[in-house]
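Student: Before we start, here is the structure in question, set down as C-alpha cells.
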Amino acid sequence: NNSYQLSSVPLQIVFYVNGIYYIFYFLATLAMIVYKCQVFSYPHKFLAPDLALLFVMAILEVLRLYLGSMGNLTEEEAPLVLSLVIMVGSVILSVYFLVWQTYVLKADVIINAVLLFTYGIESVLQVIAIATFFG
Amino acid sequence: PPETRAAARARPRSGPAPVTDVAKLCVCDLLVAQCDVNCCCDPDCSAADFSLFTTCSVPIVTGDSHLCSQKAAIYSLDVEANPPERIFKLIDQVNPSVFCIHTTNYKQALSLSSPEMPTSENFDQLLKQFGSASFSAEPDSWSMNTDAQNPSDENETYRYEYGVPIQTADAFLRLPSPVVSSWCSDANPAGFLVNQATKCIRSVSVEKCGNIQAVSMLFYINSSILAFVLQVNITVQSIVVQSLNGMRTLLNGSDVLRLPMILDELCINIVLGVTYHITYTDAGEIIEAAASFVLGAINKEALSIQQSFEISFTQVNTKPVPLSGNPGYVVGLPVRAGFRPQGYPFPIEILFAALVLNTNKYSQLTILQSTSNQDCLAAQGARTPILFGYNMISGCKLRITAAMKCQPLTQTLLDLLKGQSFPEYVASFGNSQAQDVLDWVPITHLHISEQRIHNTFQSSCQIPVSLEMEVKWTKYGSLVNPQARIVNVTATITTTTLKQLPSGRERTIPITSSVVFTDISSPAEPGYKAWPTINAKLPFDFFFPFV
C-alpha cells in the first residue's frame, strides 16, 4: 500500500549500493597505500595519519549507513539526521583522500570522485526523506 | 668583527640547490663557457656550432616519470635543413597508467634529500649516528696505563674465542706491526687463534741502547698471559744471535735473559725478531706460551732496524700436520718432501712411518736464496721454500782464487746448492701421509757435465755450477675439480771444469739454482653415459594363434 509508506526506496537502494561500493573503496585504498609504500618513499610520519584516517572513515561509514538505513526503514527522523551529520565527517575525509593525502594517484582521484558523487545523491535523498517524515 | 664571524660559524653551509627545471638541466654541458660537442642542450653553443653536430647525445630530459603529467625537454637535430639546426621542444608528457601520481603533499618524495652539513653544533650527533669503530675515539679498554687497568675482574669466566685479544697482566699481548707507515706501533694486540706475521721498522741508535724498551727481551716476556684462572708465563724457547754480517747462530742455553748493552761501540742483544708459540686447549684456555728470539747488534751508523714478529697457535696434544693441499697441491703452498731414514730393512718400512719429514713445512724442499751481497761463500745457508706452482730461479757469484782446492770447493758448492738436508722423496699429493711410501715420488738425480773436448788428459776438477729442479705435475681427478699431483721430480746438477788459475788471478763464475713446474696433464677425456637403448620386446605370446 504505497501511499502510506514514507520510507524512501531510492534512498534504500543508494544506501545498499554505497555499502558495496565502500567495501571496494576501502580495500582499494588500502591496497594502494601498500603499493605506495613499496614504490615510493613513504616515511612513517606520513603513513600513520593516512592509515588512521582510513580506518576512522571505515568506522564512520558503517555507523552512518546503519543509522541511515535504520532510520529510513523505521521512518524515524533522528537516526537520519544523525546519519547526515556523520556524512559531513565522511565527506571531509573523502576530500582528504582526494586532495591532502601524501600521494594522490589518479586511481585515488577516480574512486574518491565516485564516492563524493554518491554522497551527493545520498544527501539529497536523505534531506527529502527527513522532510517527508517530518511532514 | 666577532659578531659576523660568529654568525658565519653558526650558519650551516648547505650544498648547491638541486636543478629541477627540465629546460635548464644539461648533463652534457661539461665545459664552462665553451660549447660541448654534440651537446644539444648546452647554452654556450650558438647556431653555427649546432650546424657542426651529428647527433644529440642527450635527446630528452624528463621529470619524474611517476607523475601523471611531467614536463619534458626534447632536443633533436634537423639534418634535412641546410645548415643543420637544433630543435628544442618543451612538451608535457602524460603517463597513461592509472597509478600515476596526481599530486603529492610530501615534497621531498620527488628528489633526493641533501645530507646535513656538519657544523660544530651537530657534529657530535652526526658522529654518533654515522660514526663507527673506525672513527670513534680510543675506547677506554685499550689504555696501556697500568693504573687505569683493573684486570682482576676480567679473568673470572674468561674463555678465549677466535679473534679476541689475548690479555696479559697489563693490557694485551703485543705484536708490534706497521699501522699507517712502516714504523712499528706497539698497540696491536695478538688475537687468539689468529696466526700473524708482521714486519716493521723501529728507530734505534747506539746511544739510546739501553733505553729503548721495545728492543729489549724483557719487553716481550715480562707480562704473563691471563688464561681462565691461571696466569701463564711466557718462557724463552730459543735465542738465535745474528751477527752484523747476517750470520745466525743458535745459542745453547736459552734460559738466560740477554738485555741490550753496549760492547765495543756496538749495541748488542737487540731484539730483531720474536716468534710466539701459544699452546691452547679446545676449551679455549691458553696453557703454554713460548717465545723464540732473534737478537742482533747495531753499530753507530744504524738509525733503524727491521723487526719481525710472528705468533702461531697449536692445540695441545696434537701434532700439526702441515698439508699443502687436500688432496691436490694448492698453488703457493710449500712442496712436501722427506727422506727415508737409514737402517730400516724394507718390510719394516711398511709398518712404521717410512719417511721422515722436517716438522717445519717450509724447510722440506728448499732452494738457495739470493742475498743482497751475491757472494756464494758468504751466503751462509739462507734458503727459501719451494712453493708449488711458482717457478723460481736464484743464484750467486763464486769468486775462485788460485788457492782454492777442488774437492772442498765441490763439497761447499753442493751444500750450497742442495742445502743441508736435501730430501729423497717428494709427496705426490698435498696430503700424502708419511706412512704411504707409494704416495711419494723419488727425486731423480741427473748429472750433466760441461766437458771441454780437448784437455781430456788433465785431471779435471768438476765443480757443480747449477742445480735445476724440474717438477712435472698433472691434473688428476674430476673435470670440474682437478687436483694437482706431482708425478716426477728431477734434479739436474750441471758441472763444469775448473781450470787451474795462475796464482794471484781470480775468476768469478755464476752459480744458479732453479725450479720449474711443468704441467704434463693429458687433455681430459670426457666420459659420456651410454646411449639409451630401446628395450622393446614383444610378449612371447604375441602371435598367439599362429605360433
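Student: Mind checking the dipole of the stretch A:55-134: about its Cα centre, +1 per Lys or Arg Cβ, -1 per Asp or Glu Cβ, Debye to the nearest 20?
Tutor: Details: 2 positive and 6 negative charges, 57 e Å.
So the dipole magnitude of the stretch A:55-134 works out to roughly 280 debye.
Student: Cut-off 10 angstrom, C-alpha nodes, Gaussian network model of chain A. Which of A:PHE97, A:PHE46, A:PHE15 fluctuates the most?
Tutor: Comparing A:PHE97, A:PHE46, A:PHE15 in a Gaussian network model of chain A, the most mobile one is A:PHE46.
Student: If you take the charge dipole of chain B about its Cα centre, with +1 on Lys and Arg Cβ and -1 on Asp and Glu Cβ, which of B:SER421, B:VAL164, B:VAL236 is farthest toward its positive end?
Tutor: After comparing all options, I get B:SER421.
Student: Let me ask another. Under the definition of partner shielding as Cβ atoms of other protein chains within 10 Å of a residue Cβ, what is the mean value for peptide A:100-108? Kindly include the intermediate steps, with their values, before the conclusion.
Tutor: Numbers: counts 2, 5, 5, 9, 6, 10, 9, 5, 5.
Average per residue, whole number: 6.
Student: Go through B:83-93, B:169-179, B:262-272 and give me the packing order, highest mean Cβ count within 10 Å leading. Write out the running numbers ahead of the final one.
Tutor: Details: B:83-93: 13.1, B:169-179: 19.0, B:262-272: 17.5.
Order by mean packing, descending: B:169-179, B:262-272, B:83-93.
Student: At a threshold of 8 angstrom on Cα-Cα distance, excluding pairs fewer than six apart, so keeping six or more, what relative contact order does chain B reach in percent?
Tutor: Numbers: 1021 pairs, mean separation 45.5, N = 547.
Relative contact order, chain B: 8 percent.
Student: Moving to a separate point now. Counting just the Cα atoms, what span does the stretch B:227-271 cover along each of its three principal axes? Round to the nearest Å and put the largest first.
Tutor: Extents along the principal axes, in whole Å: 46, 20, 16.
Student: What average number of partner chain Cβ atoms lie no more than 10 Å from the Cβ of the residues making up B:94-103? Before the final figure, lay out the partial values.
Tutor: Values: counts 0, 1, 1, 3, 6, 9, 3, 8, 11, 10.
Mean shielding by partner chains, rounded to a whole number: 5.
Student: May I pose another question? Take the eigenvalues of the Cα gyration tensor for chain A, scale each by 5, and report the square roots as semi-axes in whole Å, largest first. The partial results should precede the final answer.
Tutor: Working: eigenvalues 223, 33, 24 Å².
Equivalent ellipsoid semi-axes, largest first: 33, 13, 11 Å.
Student: Follow-up. Which order, highest average first, do B:274-281, B:530-537 follow once you tally other Cβ atoms within 10 Å for each residue and take the mean per peptide? Show your work: numbers first, answer last.
Tutor: Numbers: B:274-281: 19.6, B:530-537: 5.8.
In descending order of packing, they fall as B:274-281, B:530-537.
Student: Out of the trypsin sites (Lys or Arg not before Pro) in the stretch B:224-304, which ones are loop residues according to DSSP with at most 14 other C-beta atoms within 10 Å? Provide the component values of the computation, followed by the final result.
Tutor: Details: sites: B:ARG248, B:ARG258, B:LYS300; in loops: B:ARG258, B:LYS300.
Passing both the DSSP loop test and the Cβ count: B:LYS300.
Student: In addition: What is the dipole size for the protein assembly as shown, taken about its Cα centre, with +1 at each Lys and Arg Cβ and -1 at each Asp and Glu Cβ, in debye to the nearest 20?
Tutor: Numbers: 40 positive and 53 negative charges, 515 e Å.
For this selection, approximately 2480 debye.
Student: Provide the gained length on full extension for the span B:ARG248 to B:GLU265, in nm with one decimal, where the gain is 0.36 nm per separating residue minus the Cα-Cα distance. Present the calculation step by step, with values, prior to reporting the outcome.
Tutor: Details: separation 17, 0.36 × 17 = 6.12 nm, distance 2.04 nm.
Stretched out fully, the B:ARG248 to B:GLU265 stretch lengthens by 4.1 nm.
Student: Hey, what's the per residue convex hull volume over the C-alpha atoms of the stretch A:55-134, in cubic angstrom?
Tutor: Numbers: hull volume 6.0 nm³, N = 80.
So the per-residue hull volume is 75 Å³.
Student: A further question on this structure: Would you tell me the mean number of C-beta atoms belonging to other protein chains that fall within 10 Å of each C-beta in A:38-46, as a whole number? Mind dumping the intermediate values first?
Tutor: Numbers: counts 0, 3, 6, 6, 2, 3, 0, 1, 3.
For this peptide, the per-residue mean of nearby foreign Cβ atoms is 3.
Student: Still on this structure: Under a point-charge model restricted to the Cβ atoms of Lys and Arg (+1) and Asp and Glu (-1), what is the dipole moment magnitude of chain B relative to its Cα centre, in debye to the nearest 20? Don't skip to the end; give the middle numbers.
Tutor: On the way: 36 positive and 46 negative charges, 401 e Å.
Magnitude of the dipole: close to 1920 debye.
Student: Then there is this: What does the stretch B:49-93 give for Rg and for Dmax, in Å, if only its C-alpha atoms count?
Tutor: Expressed in Å, the Cα Rg and Dmax of the stretch B:49-93 come to 12.7, 39.
Student: Going by amide H atoms built from the backbone, whose H comes under 5 Å of the H on B:THR495, apart from near neighbours?
Tutor: Residues meeting the criterion, in which the H sits 1.01 Å from N, are B:ILE448, B:SER449, B:GLU450, B:VAL465.
Student: What percent antiparallel are the DSSP beta bridges of the protein assembly as shown, to the nearest 5? Show your work: numbers first, answer last.
Tutor: Details: 87 of 121 bridges.
Approximately 70 percent, going by the DSSP bridge assignments.
Student: What distance in nm separates the two pseudo spin-label positions at B:ASP49 and B:LYS300, each 7 Å out from Cα along the beta-carbon direction?
Tutor: With each label placed 7 Å out from Cα toward Cβ, I get 7.1 nm.
Student: Determine, from the Cβ-Cβ distance of A:PHE26 and B:ASP92 and an R0 of 30 Å, the FRET efficiency 1/(1 + (r/R0)^6), rounded to the nearest 0.05. Before the final figure, lay out the partial values.
Tutor: Working: r = 34 Å, r/R0 = 1.12.
Rounded to the nearest 0.05, the efficiency is 0.35.
Student: Using Cα pairs closer than 8 Å and at least 6 residues apart in sequence, work out the relative contact order for the stretch B:437-530, in percent. Walk me through the numbers on the way to the answer.
Tutor: Values: 155 pairs, mean separation 35.1, N = 94.
Value for the stretch B:437-530: 37 percent.
Student: Determine the relative contact order of the stretch B:22-103: mean sequence separation of Cα pairs under 8 Å and six or more apart, normalised by residue count, in whole percent.
Tutor: Value for the stretch B:22-103: 26 percent.
Student: May I ask what percent, to the nearest 5, of DSSP beta bridges between residues of chain B are antiparallel? If you can, show how the numbers build up before the last one.
Tutor: On the way: 84 of 118 bridges.
Close to 70 percent.
Student: Based on the Kirkwood radius over alpha-carbon pairs, what is the Stokes-Einstein translational diffusion coefficient of chain B at 37 °C with 0.692 mPa s viscosity, in µm²/s? Write down the numbers at each step before the final one.
Tutor: On the way: Rh = 32.6 Å.
Estimated via Stokes-Einstein, D reaches 101 µm²/s.
Student: Same structure, new question: Report the normalised scattering of the stretch B:22-103 as log10 I(q)/I(0) at q = 0.12, 0.15, 0.23, 0.27 Å⁻¹, calculated by the Debye formula with identical scatterers on the alpha carbons.
Tutor: Debye output, listed in q order: -0.40, -0.58, -0.99, -1.23.
Student: Mind pulling the angle between the C-alpha long axis of helix A:9-39 and the longest principal axis of chain A? Nearest 10 degrees, somewhere in 0 to 90.
Tutor: Tilt relative to chain A: about 10 degrees.
Student: To test your reading of the geometry: what angle, between 0 and 90 degrees and rounded to tens, separates the Cα axis of helix A:77-95 from the longest principal axis of chain A?
Tutor: It works out to around 20 degrees.
Student: Counting just the Cα atoms, what span does the protein assembly as shown cover along each of its three principal axes? Round to the nearest Å and put the largest first.
Tutor: The principal-axis extents, from largest down, are 146, 120, 79 Å.
Student: Under a crude label model (7 Å from the Cα following the beta-carbon direction), how far is B:SER238 from B:ASN317 in nanometres?
Tutor: In this crude label model, B:SER238 to B:ASN317 measures out at 2.7 nm.
Student: With r as the distance between the Cβ atoms of B:VAL330 and B:ILE393 and R0 = 30 Å, compute the FRET efficiency 1/(1 + (r/R0)^6) and round to 0.05. Intermediate results must be reported in sequence, preceding the final value.
Tutor: Working: r = 22 Å, r/R0 = 0.73.
In this case the efficiency is close to 0.85.
Student: While we're here: Would you work out which of A:VAL34, A:GLY19, B:ALA73 lies farthest towards the positive end of the dipole of the protein assembly as shown? Charges go on Cβ: Lys and Arg +1, Asp and Glu -1.
Tutor: Going by the Cα projections, it comes out as B:ALA73.
Student: Let me ask another. Tell me, what is the FRET efficiency for B:THR444 and B:LYS208 to the nearest 0.05, using R0 = 60 angstrom and their Cβ-Cβ distance as r? Write out the running numbers ahead of the final one.
Tutor: Details: r = 56 Å, r/R0 = 0.94.
The computed FRET efficiency comes out at 0.60.
Student: Nearest 10 degrees, 0 to 90: what angle lies between the long axis of helix A:44-74 and the longest principal axis of chain A (Cα atoms)?
Tutor: 10
Student: Still on this structure, I have one more. For the protein assembly as shown, what is the mean residue ellipticity at 222 nm derived from helices alone (per DSSP H run of n ≥ 4: -39500 (n - 2.57); sum divided by total residues; nearest 500 deg cm²/dmol)?
Tutor: Details: 10 runs with 155 residues, N = 682.
So the calculated ellipticity at 222 nm is -7500 deg cm²/dmol.
Student: Looking only at the stretch B:164-315, where both bridge partners belong to it, what percent of the DSSP beta bridges are antiparallel (to the nearest 5)?
Tutor: Working: 34 of 50 bridges.
In the stretch B:164-315, DSSP labels about 70 percent of beta bridges as antiparallel.
Student: Now, a different point. Would you be so kind as to identify which of B:TRP440, B:TRP183, B:LEU173 lies farthest towards the positive end of the dipole of chain B, taking Lys and Arg as +1 and Asp and Glu as -1 on Cβ and the Cα centre as origin?
Tutor: Farthest towards the positive pole: B:TRP440.
Throughout, read-outs are computed from the coordinates displayed, never taken from laboratory work. Note that this is a predicted model, so its numbers are computed, not measured. In this analysis, Cβ positions are derived from the backbone assuming ideal geometry, glycine residues included, and neighbour counts consider all displayed protein chains.
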